[in-house]
Amino acid sequence: MKILAIGRNYTEHIAELNNERPDEPVIFTKPDNALLIKNKPFYYPDYTKDIHHEVEIVIKICEAGKCIDKRFAHKYYNEVGLGIDFTARDLQAKAKSKGLPWALAKGFDHSAPVSDFVPKTNYEDLQNLNFSLKVNGEERQKGNTSHMLYPIDEIVSYISQFITLKKGDIIFTGTPKGVGPIQIGDRLEGFIEDKKFMDFEVK
Ligand code: MG
C-alpha cells in the first residue's frame, strides 16, 4: 500500500502558514512505514524539535484505477477514517527555504497515525463532515470537509493521472487551521462528527 496526501487544501490553514494558494493540488507521499495504527503511542524522534499535528480525513482506495475521471472517482474509495499528518515543521521550513523536497519532514517513521476505517456509506455526504482534534482534552483543530479547495473526487482523479491507485492505498485529504506543536506526554483524540476515531499518546 502507499500513502498519498494533499497539502494546502483548506484556505485558513494556507493563511496560518503564510503559504500561497495553489493553482493545482499539492501532492506528496509518505512511505508505508509512516503508518501508525491501533492507537499505538507515538514516540517523539530526536531529529526534530517541532512536530506539528495536522488532523485530516483519510479515504481508502478499494479498486485499482489510473486516469480516473472525476465523475467516477467515488467508485474507487469505499471507506473513510481519520489520520494525523505529523509534520516536522523545522525540517520542512529548512527544506522549503531552499526549495528542496519535504520527504523527510513528512515521511519519517510513524508520521501517519491512522484510525480504523468505516464504510463511507455511514455518512450522508463526505463533503460535509465535521472533524476535530483535541490535545489534552482541549480542542485544537476543527474543520468541515465542505471547505476543501479540492474535494475528494478531484483529489482521487488528479492523483490517478500520475500515480496508479491500488486497493488499500490511503489518501490524506488536507488539514484545517489550528495546526500546532505536540509535546511528549500529550494525549491526542480525533473525532469525525461526535464519534471518537483516535486516542493515543505522545511518548
Ligand atoms: Mg497535511
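Only the coordinates and a few stated rules stand behind these numbers; no lab work does. Predicted model, so just to flag it, every value in this text is computed and none were measured. With ideal geometry, Cβ positions are generated from the backbone for all residues, glycine too; neighbour counts draw on all protein chains shown.
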With +1 on the Cβ of every Lys and Arg and -1 on the Cβ of every Asp and Glu, and nothing else charged, how large is the dipole of the range 40-157 about its Cα centre, in debye rounded to the nearest 20? 360 debye
Taking the Cα centre of each part, how many Å lie between the range 77-145 and the range 1-66? 5 Å
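Can you tell me, using C-alpha contacts under 8 Å and at least 6 residues apart, the relative contact order of the chain as a whole percent?
34 percent
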Packing rank of 5-12, 43-50, 130-137, where each peptide gets the mean count of other beta carbons within 10 Å, highest leading: 5-12, 130-137, 43-50
Debye, to nearest 20: dipole size of the range 3-201, +1 on Lys, Arg Cβ, -1 on Asp, Glu Cβ: 420 debye
Towards the positive end of the charge dipole of the chain, with charges on Cβ (+1 Lys, Arg; -1 Asp, Glu), say which of ILE184, TYR123, THR48 has the farthest Cα. THR48
Expressed in angstrom and ordered largest first, the alpha-carbon extents of the chain along the principal axes are 43, 40, 30
So what's the back-of-envelope 222 nm ellipticity for the chain, counting only DSSP H runs of four-plus at -39500 (n - 2.57) apiece and dividing by all residues, rounded to 500? -4000 deg cm²/dmol
Between ASP186 and ASN18, Cβ-based FRET efficiency (R0 22 Å, step 0.05) works out to 0.30
Residue by residue, what Karplus-based ³J(HN,Hα) values in Hz, rounded to whole numbers, does the range 36-42 have, using 6.51, -1.76 and 1.60 with θ = phi - 60° and x for Gly and Pro? 9, 10, 6, 6, 5, x, 9
Show which lysines lie in cross-link reach of LYS94 when reach means a straight Cα distance below 30 angstrom and same-chain residues fewer than eight apart are skipped. LYS2, LYS30, LYS40, LYS49, LYS106, LYS134, LYS142, LYS177, LYS203
Rank by packing, highest mean first: peptides 34-40, 88-94, with packing defined as the count of other Cβ atoms within 10 Å averaged across residues. 88-94, 34-40
Residues with amide H under 5 Å from that of GLN141, placed H, sequence gap 5 or more: LEU133
Does the range 89-175 classify as rounded, prolate or oblate by the C-alpha gyration tensor (a ≥ b ≥ c root eigenvalues; a/c under 1.5 gives rounded; else a/b over b/c gives prolate, otherwise oblate)? oblate
Compare the Cα positions of ILE14, PHE200, ALA93 along the charge dipole of the chain (+1 at Cβ of Lys, Arg; -1 at Cβ of Asp, Glu; about the Cα centre) and return the one farthest towards the positive end. ALA93
